[in-house]
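Enquirer: If you scroll down you'll find the structure; I have some questions about it.
The values are calculated or read from the model by the stated rules, or taken from the named source; none is laboratory data. The structure displayed is predicted, hence computed values, not measured ones. Don't worry about glycine lacking a Cβ; one is built from the backbone with ideal geometry, like all the others, and counts go over all protein chains shown. Areas reflect the complete protein model, heavy atoms only, side chains present, ligands, DNA and RNA absent. Shrake-Rupley method; radii C 1.70, N 1.55, O 1.52, S 1.80 Å.
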Amino acid sequence: MRVTLLQTDIHWAQPEKNINAAERLMASQPRADLYVLPEMWATGFATTPMEVAESESNSLALQWMKATAAENKCAISGSLAVRLADGTYRNRHYMALPDGQCHHYDKHHLFSYGHEDRYFTPGNSHTIVSYGGVDILLLTCYDLRFPLWSRYGIAGRFDMIVCAANWPDSRQQPWRVLTRARAIENQCYLVGVNRVGSDAFCHYVGESLVCDSRGDTLVEGGSEEQAISADLDFSRQKSARERFRVLDDRDNYKIVEQ
């Protein structure tokens, strides 16, 4: 599976410009099986969604994801701020597939330090997408800090984690460590896509990456807008899991909501 990371410099609350940027980067890396965008890639990360959220039913960015996935026979993943028909706001991580299906995951760990929890409604279930014979767990940004939520066997059984993020440079070292830790403990590939540039609150330096089940970096972005690709060998990962059976010895916890 060829995965391409679209590390964008997001224009605040301008979906059209951000779609154009995504299209330009995709064109520079054609024929990928999966393209991954950052968290709230169409608007920038907003804790007050009333300013930027589109209605899910007529979201320009979501319509683009679905149409482009079908047209290019690929999958496209990334999160959007959306307003649902019931009036709630969600930080919703979508994965649009080439056959017209579109799966989603609502961010569970809302960033309370930045007051994301004041207006967004958290999700309470995991999403694992089966695509191209690979089972993919969707995560969003702050979720990386909570290993039990993304634990193999508790979240489900998966081959890869895809995490869409807006992770600021002031906390870049945790990004470097946590992405690799989630890959190592779950013996899986991890794809983490972060943005670059600045908004009114933070500066972002990217370092989007793909790492394998040993935590080794297969590809890593710099601090500029760019598309980078990696070819993932899941037969090699399966062999490694069978040879060194760490997952068989995992603890069997249950998540209890407080």
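Enquirer: In segment 19-60, which residues are of a type in the set (A, V, I, L, M, F, W, C), part of a loop (DSSP other than H, G, I, E, B) and open to solvent by 10 Å² or more (accessible area, probe 1.4 Å)?
Expert: Residues satisfying the conditions are PHE45, VAL52, ALA53.
Enquirer: Restricting to segment 1-18, what's the tally of residues that are open to solvent by less than 10 Å² (accessible area, probe 1.4 Å) and in a strand (DSSP E or B)?
Expert: Of the residues in segment 1-18, 5 are open to solvent by less than 10 Å² (accessible area, probe 1.4 Å) and in a strand (DSSP E or B).
Enquirer: Follow-up. Hey, among GLY192, GLY222, which residue is on the phi < 0 side of the Ramachandran plot, in a strand (DSSP E or B) and not basic (Lys, Arg)?
Expert: Going through GLY192, GLY222 in turn, the sole match is GLY192.
Enquirer: Related question: I need the full set of residues from segment 168-189 which are assigned to a loop (DSSP other than H, G, I, E, B) and either closer than 23 Å to ILE76 by Cβ or without any contact (Cβ under 8 Å) to a residue 40 or more places away in the chain (or both), in order please.
Expert: Passing the criteria: PRO168, CYS188.
Enquirer: For THR179, are the conditions met, namely being of a type in the set (Ser, Thr, Tyr), closer than 21 Å to TYR152 by Cβ and open to solvent by 50 Å² or more (accessible area, probe 1.4 Å)?
Expert: no
Enquirer: Further question on the same structure: Just the residues that are out of contact with any Cys (no Cβ under 7 Å at 6 or more places or on another chain), surrounded by 15 or more Cβ atoms within 10 Å (Cβ to Cβ) and of a type in the set (Gly, Ala, Ser), please, taken from segment 211-239.
Expert: GLY215, GLY221, SER223, ALA227, SER229, ALA230
Enquirer: For SER198, only one of the following conditions fails: (1) in contact (Cβ under 8 Å) with a residue 24 or more places away in the chain; (2) closer than 28 Å to GLY114 by Cβ; (3) of a type in the set (S, T, N, Q). What is its number?
Expert: Exception for SER198: condition (1).
Enquirer: What strands (runs of 3 or more DSSP E), lying completely within segment 71-167, carry at least 1 residues that are among the β-branched types (Val, Ile, Thr), more than 22 Å from PRO49 (Cβ to Cβ) and in contact with a His (Cβ under 7 Å, 6 or more places away or on another chain)?
Expert: 128-131
Enquirer: Restricted to segment 92-109, and to residues that are open to solvent by less than 20 Å² (accessible area, probe 1.4 Å) and in contact with a helix residue (DSSP H, G or I) (Cβ under 7 Å, 6 or more places away or on another chain), which residue is nearest to TRP167 (Cα to Cα)?
Expert: LYS107
Enquirer: Now a separate question. Going through segment 61-91 one residue at a time, which ones are more than 24 Å from GLU116 (Cα to Cα) and surrounded by fewer than 24 Cβ atoms within 10 Å (Cβ to Cβ)?
Expert: GLN63, TRP64, LYS66, ALA67, THR68, ALA70, GLU71, ASN72, LYS73, CYS74
Enquirer: Could you say which residue among ARG157, ARG171 is open to solvent by 20 Å² or more (accessible area, probe 1.4 Å), basic (Lys, Arg) and under 20 Å from PHE234 (Cα atoms)?
Expert: ARG157
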